[in-house]
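**Q** Okay, handing you the structure first.
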Amino acid sequence: MADIVAEGETDGTASLGSDVSRGDASRTPQSTSSDSAESVLELREVTSGYGDLEAIRGVCLTIRPGEVTALFGANGAGKTTTLLAAVNMLPRKSGEVLLDGRPCRSSLHAMSRRGVMFVPCAPSIIKKLSVRDNLKLGRGGVDDAVAYFPELEALLRRPAGLLSGGEQQMLALSRALATRPRALLVDELSLGLAPLIVDRLLATLSAASRARGVAVLIVEQQARRALGVADRWHLLANGSIVESGVAGDHAALEAAYLASMTGSVTTK
Ligand SMILES: Nc1ncnc2c1ncn2[C@@H]1O[C@H](COP(=O)(O)OP(=O)(O)OP(=O)(O)O)[C@@H](O)[C@H]1O
Ligand SMILES: [Mg+2]
């Protein structure tokens, strides 16, 4: 699976630091209702899966410009499947994906030309190529990418396969962000990474969302960390969204998470 690159679409000039104001009330959404008028990407009642297996059922989810949406759930809940369905990498049994409010059946490659980027769980970097050459492949510009993670500057000549896990994630994220996407979907940012680097990656995504209006959807196991930057969240259990909330709804998420683990939830 590859994270597909797209041409830049905006000339956003806002500078991006990693100084994220956690829980910034000024960007806290007031409701979780769906509104395709302001959505970049929307899943509407999507049922999808693998062969006969319906791994997700009736999933509704909207990502909006300038917002970070987090998708939580236990292993096997359907998080990755939701992302794959959102970028048309899996066939749908029913429901629709809407891009800019219109039904979209295009390939991910075609979607990427309209500003939708997907960074999968194991990001595809070409290990034999240098960091610089990997960034060039993204067509977003090396300087733009390094601006997101200045740590990469010193690593530009190193074969990407020799980077640490965290550095590889920085490479994948910066390459995607440098294309100036309108929507960015990221699966399991934190897999195997130390808490400090996870915070750094999340802060960069949050800053990109705020400064450049990127609609971000993250799948994250480390719910507390992700909640620190998320404007909205959804909890998946057994392929369905069982609870949703906005920034600050920590207690609601914890209660719903616990209920989903013990099986005492009803599908929303
Ligand atoms: N390629 C596949 N073929 C068949 N079944 C699959 C495939 N990929 C996932 N599944 C099944 O679909 C369901 C949802 O899987 P999915 O990968 O979406 O879960 P997840 O929430 O991302 O889990 P994790 O946190 O472990 O990554 C699981 O029951 C899983 O076993
Ligand atoms: Mg997964």
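**Q** Test of understanding: among 176, 122, 183, which residue is out of contact with any Ser or Thr (no Cβ under 9 Å at 6 or more places or on another chain), touching a residue at least 24 places away in the same chain (Cβ under 8 Å) and within 16 Å of ligand 1 (Cβ to nearest atom)? Spell out the reasoning first.
**A** Values: 176 fails: within 16 Å of ligand 1 (Cβ to nearest atom); 183 fails: within 16 Å of ligand 1 (Cβ to nearest atom).
The unique qualifying residue is 122.
**Q** Restricting region 178-193 to residues that are among the aliphatic types (A, V, I, L, M) and away from ligand 2 (no atom under 13 Å from the Cβ), which is farthest from the chain's Cα centre (by Cα)?
**A** My answer is 193.
**Q** Could you please give the count of residues in region 127-156 that are exposed (fewer than 14 other Cβ atoms within 10 Å of the Cβ) and either among the hydroxyl-bearing types (Ser, Thr, Tyr) or touching a strand residue (DSSP E or B) at 6+ places or on another chain (Cβ under 9 Å) (or both)?
**A** 2
**Q** Kindly provide the set of residues from region 65-96 that are within 13 Å of ligand 2 (Cβ to nearest atom) and on the phi > 0 side of the Ramachandran plot, ordered by number.
**A** 73, 76, 78
**Q** Just to be sure before I move on: is residue 213 within 14 Å of residue 69 (Cα to Cα), at pLDDT 90 or above and surrounded by fewer than 18 Cβ atoms within 10 Å (Cβ to Cβ) in the structure I sent?
**A** Working: within 14 Å of residue 69 (Cα to Cα): yes; at pLDDT 90 or above: yes; surrounded by fewer than 18 Cβ atoms within 10 Å (Cβ to Cβ): yes.
Here the answer is yes, as residue 213 does meet what is asked.
**Q** While we're on this one: Considering 229, 219, 214, which residue is of a type in the set (Val, Ile, Thr), within 25 Å of residue 81 (Cα to Cα) and within 16 Å of ligand 1 (Cβ to nearest atom)? Explain how you work it out, then say what you get.
**A** Numbers: 229 fails: within 16 Å of ligand 1 (Cβ to nearest atom); 214 fails: within 16 Å of ligand 1 (Cβ to nearest atom).
Answer to the selection: 219.
**Q** Here is a follow-up. For residues that are within 16 Å of ligand 2 (Cβ to nearest atom) and closer than 19 Å to residue 99 by Cβ, tally how many sit in region 52-64. Can you show your working first?
**A** First, the residues of region 52-64 that are within 16 Å of ligand 2 (Cβ to nearest atom): 53, 55-56, 59, 61.
Going one step further and asking which of them are closer than 19 Å to residue 99 by Cβ, we end up with 56, 59, 61.
Qualifying residue count, region 52-64: 3.
**Q** A follow-up question, please. Could you name every one of the strands (runs of 3 or more DSSP E) located completely within region 189-268 that has at least 1 residues being touching a His at 6+ places or on another chain (Cβ under 9 Å)?
**A** 240-246
**Q** I've got another one for you. Being surrounded by 17 or more Cβ atoms within 10 Å (Cβ to Cβ) and in a strand (DSSP E or B) is the filter here, so list the residues in region 61-97 that pass it.
**A** 61, 62, 63, 68, 69, 70, 71, 72, 73, 92, 95, 97 - these are the residues of region 61-97 that are surrounded by 17 or more Cβ atoms within 10 Å (Cβ to Cβ) and in a strand (DSSP E or B).
The values are calculated or read from the model by the stated rules, or taken from the named source; none is laboratory data. Quick caveat, the model's predicted, so the values are computed rather than measured. All Cβ positions, even for glycine, are placed from backbone atoms using ideal geometry, and neighbour counts span all protein chains on display.
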